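A quick write-up on the structure given underneath.
The values are calculated or read from the model by the stated rules, or taken from the named source; none is laboratory data. Source: prediction; values computed, not measured. Cβ placement follows ideal geometry from the backbone for every residue including glycine, while neighbour counts extend to all protein chains displayed.
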Amino acid sequence: MLELRNVTAGYGAFTALWDVSLDVAAGEAVAVVGPNGAGKTTLLRVISGMIAPRAGTLTFEGASLTGRPAYEVVAHGIAHVPEGRRIFPMLTVADNLKMGAYLKVARRAYAESLERVFALFPVLSERRRQRAGSLSGGEQQMLAVGRALMSRPRLVLLDEPSMGLAPVMVLRLFDLIRRVREEGYTILIVEQNVRQVLKLVDRAYLLEAGHLKMEGRAEALAEQDFVRKAYVGL
Amino acid sequence: MGGHLGAPHFQMLTVTGLTKRFGGFTALNAVSFEVKEGEILGLIGPNGSGKTTLFNCVSGALTPSSGSIRFGAQELAGLTPDRICHLGIARTFQIPRPFRKLTILENVAVAAHFGAAQRSSEAEARRRALEILGLVGLATTPHAPTTLLGAGGLKKLELARALATGPKLLLADESLGGLDSSEMAGAADLLRRIRGELHITIVWVEHIMATLMRVVDRVVVLDHGEKIAEGKPREVAEDPKVVEAYLGEKVVLA
Amino acid sequence: MIDPIFLAEAAVNGLLLGGVLALLALGLNLIFGVIDIVWIAYVDLVMICMYAVYFLVQVYGWPIWIGGLVSVGLGALLGIAVHVLIISPILGSAPVNQLLATGGLLFFLQSFATFLWTTDHRSVRLTLPTLEYGGMFLSFARLVAFAVALLVMLGLFLFLRHTYIGTAIRAVSQDREAMALMGANPRTVYVVTSAVGGALAGVAAALLIIQYSVHPFFGAAFGPLTFMICVLGGLGNMIGAFVAAFIMSEIISIGGVVWSTEMGYVIAFVIFIIMIFVRPGGLFARRA
């Protein structure tokens, strides 16, 4: 479904990703783990079109998306739930979700998408008239995911959804992500919380200092000392 | 240039009960550790652990809420950054911001001129700047604009500027970020040489763990604002608390 | 002692003037809030539209309301043109460059107007009555202008609150990148915002030409005042600008009656300076 080949990307003089290649098959849940500063967020930003790669290609369902801007990428079926959630704080929950369905195809299916999102995240329905900025961290994260689903994507990119959430909330969130996956969405999730995320996904990649160091089935990686070494160094 | 001629038991840096709060949020909670003269100490911890806040407190960019930071006999908490610099503590920044309108040499000369405890002449500052550029490996193009430098060069320039102020203690902030593997090896090597040849003590914050752990003498680990481990790299790497901090908690289901 | 009737009249006139000033401030704020650029030449755009209405109504004899509609359309087109031709190319550059560019536009428009129409003052001579109410004399033109301004602002509010594109405009002003992730081409949103901002300028032009005469340097009178209102209310803050407009207009109006017209402005400016010292961010902080 998604194919990255030899992607190199960075900011100004600094390179954050070196020659990265990865695949995500339809229906899979794949994680990219790695220590802070490894380039995980940059990776998702390249996929969603927020930054253009310096080299390499990006293909989604056969179409080339290399260097396409974000508003075009989402029209192809990739939704990005960005780091820090980035919900619109002054808009209501309902308006945030409305914005998620900005695309023409999404607007046509608006009612149905909204129902789905409310079924997955009932708290959003309860709080639909509330200003998004007044929601708790966990609720904002749910809103961010719900908003992404409103665009009728086939692939959902999740950037560190557990960041800043209490441990209990993290468990609940991962449970919800599992249910999103069960609804048929393909998931690519970037996470620092390795242990939790490896329980959620089928496969995982290990990114370290901009290089893809390892790849494998989640259960296998969970055992590996290699992962520990990537994070702790020795 | 950064040499120490102090009393035999100069306590390089002693952090005691350092706490920093931002409104309701506690970024650092009673952190205590010592930095021994002549060592390279690694300061590590997962995202949001408070490493940068700690650096900012030591370098004077932030004032601690409570606790003390002693440099020798001098209390640093509450001093302005320029005073701390003149006392002999220099700091690099994660995202280098050289003076774009000055040449590479001029950038370092400014630091040499203003950063040292005693003002020297402009010519003297330039001479020292050239020496330092030689040390970091930027001596071949001193009169070039900074725009010519790539990632590796910018990080070297950052170190050069810090060294030009003549510090006893160097706070190195993510010196390896954005570099390729050979540049990283060079940067790590440079830190070793700064310690070995210039006798400068180094506290180093870094995310590229594999390299850091092989270079430092000791490590202090922060997590959520608290010190959770301290010791030699190997001990710390195998400490279950540290592993858990990085990889995520084994959450017990209620 | 000043006759309280004069004071009351001044207060009411201040209110009426405030309505149109609020409209101008809102237009400017809308563009700044979304695109993050200050159109220094905004009031000069108003000036051009005022000339348009003048020619249509005074010279060619069209009815005022058609002149008004044309002004709105012209304003919208000018807004789009300014964005596409001047703003868009410099979106990434330093704020100084952006100010210089719109500043250049200001001089261009003023020179252009002088060249075409000379510095003569032109006004639209409509026979609109002066109403009397409780001893106060109020110009009907002013009342109409105030009423229309309020209606338009209400319309803007509803547009931003309840339409898709209006909500998208609000969303972009809060987080441009996130809106791009929803599929909104930022360029499209900017163009629509510029069109709306320009249309508001067009409305203001129609309302102003029936009260004041137009000349190429009209912007010199109303421009700084509009900016001060925006800054006083907090740049980017629509409600703040709305309130600030009335505060300033009241000070000018009442000050004008108690002392003189010039003193009215002086006092307003002095109070502005004091307010900014006290609250540099404006009376209300810029909304996120």
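Can we say A:VAL180 is under 14 Å from the mean Cα position of the chain (by Cα), closer than 17 Å to A:ARG228 by Cα, outside any strand (DSSP E or B) and of a type in the set (Val, Ile, Thr)? When the stated conditions are applied, A:VAL180 does not pass them. A single entry from A:LEU207, A:LEU221, A:LEU234 fulfils the requirement of being buried (at least 21 other Cβ atoms within 10 Å of the Cβ), touching a Lys or Arg at 6+ places or on another chain (Cβ under 7 Å) and either of a type in the set (A, V, I, L, M, F, W, C) or part of a helix (DSSP H, G or I) (or both): A:LEU207. A count restricted to the stretch A:210-224 and to residues that are at pLDDT below 85 and within 10 Å of chain B (Cβ to nearest Cβ) stands at 1.
Okay, residues lined up against (1) aliphatic (A, V, I, L, M); (2) away from chain A (no Cβ under 14 Å):
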{"position": "C:THR102", "(1), (2)": "no, yes"}
{"position": "C:MET153", "(1), (2)": "yes, yes"}
{"position": "C:LEU156", "(1), (2)": "yes, yes"}
{"position": "C:ALA171", "(1), (2)": "yes, no"}
{"position": "C:ARG187", "(1), (2)": "no, no"}
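Looking only at the stretch A:183-204, residues that are in contact with a strand residue (DSSP E or B) (Cβ under 8 Å, 6 or more places away or on another chain) and either over 15 Å from A:ALA31 (Cα atoms) or part of a helix (DSSP H, G or I) (or both) come to 4 in all. Scanning the stretch A:210-231 for residues that are touching a strand residue (DSSP E or B) at 6+ places or on another chain (Cβ under 8 Å) and of a type outside the set (D, E, K, R) turns up A:GLY210, A:HIS211, A:LEU212, A:MET214, A:GLY216, A:ALA218, A:LEU221, A:GLN224, A:PHE226, A:VAL227, A:ALA230. Those residues that are of a type in the set (Gly, Ala, Ser) and in contact (Cβ under 8 Å) with a residue 60 or more places away in the chain, I need them from the stretch A:138-163; list them, please. Within the stretch A:138-163, A:ALA144, A:ALA148, A:SER151 qualify.
Against the conditions (1) aliphatic (A, V, I, L, M); (2) more than 23 Å from the chain's Cα centre (by Cα); (3) within 14 Å of chain A (Cβ to nearest Cβ), C:ILE165 satisfies every one except (2). For A:GLU126, the criteria (1) more than 11 Å from every other protein chain (Cβ to nearest Cβ); (2) in contact with a Ser or Thr (Cβ under 9 Å, 6 or more places away or on another chain); (3) closer than 21 Å to A:ALA111 by Cα hold in every case but one, which is (2). Would the stretch C:45-57 turn up any residue that is touching a residue at least 24 places away in the same chain (Cβ under 8 Å), closer than 27 Å to C:ALA184 by Cβ and touching a helix residue (DSSP H, G or I) at 6+ places or on another chain (Cβ under 9 Å)? Yes, that holds for at least one residue.
Pairing each residue of the stretch C:1-22 that is assigned to a helix (DSSP H, G or I) with any residue that is basic (Lys, Arg), provided the two are 6+ apart or on different chains, yields C-beta distances under 6 Å for C:LEU16/C:ARG142.
The condition of being loosely packed, with under 14 Cβ neighbours inside 10 Å and in contact with a helix residue (DSSP H, G or I) (Cβ under 6 Å, 6 or more places away or on another chain) holds for only one of B:ALA129, B:ALA109, B:ALA125, B:ALA117, that being B:ALA117.
Filtering the stretch A:112-135 to residues that are out of contact with any helix residue (DSSP H, G or I) (no Cβ under 6 Å at 6 or more places or on another chain), closer than 22 Å to C:ARG170 by Cα and surrounded by fewer than 16 Cβ atoms within 10 Å (Cβ to Cβ) leaves A:ARG129, A:ARG131, A:GLY133, A:SER134. So in the stretch A:77-104, with the set limited to residues that are of a type in the set (Gly, Ala, Ser) and more than 7 Å from chain C (Cβ to nearest Cβ), which one is farthest from the chain's Cα centre (by Cα)? Restricting to residues being of a type in the set (Gly, Ala, Ser) and more than 7 Å from chain C (Cβ to nearest Cβ), the top hit is A:ALA94. Do we have any residue at all in the stretch C:59-76 that's surrounded by 24 or more Cβ atoms within 10 Å (Cβ to Cβ) and under 28 Å from C:ASN185 (Cβ atoms)? Checking the stretch C:59-76: at least one residue is surrounded by 24 or more Cβ atoms within 10 Å (Cβ to Cβ) and under 28 Å from C:ASN185 (Cβ atoms). Note on the stretch C:75-184: enclosed helices (runs of 4 or more DSSP H) holding 3 or more residues that are β-branched (Val, Ile, Thr) are C:95-117, C:140-162, C:164-174.
Screening the stretch A:31-111 for helices (runs of 4 or more DSSP H) wholly inside it with 3 or more residues that are outside the structural domain of A:ALA220 (by TED's automatic domain parsing) and without any contact (Cβ under 8 Å) to a residue 24 or more places away in the chain returns the ranges A:104-108.
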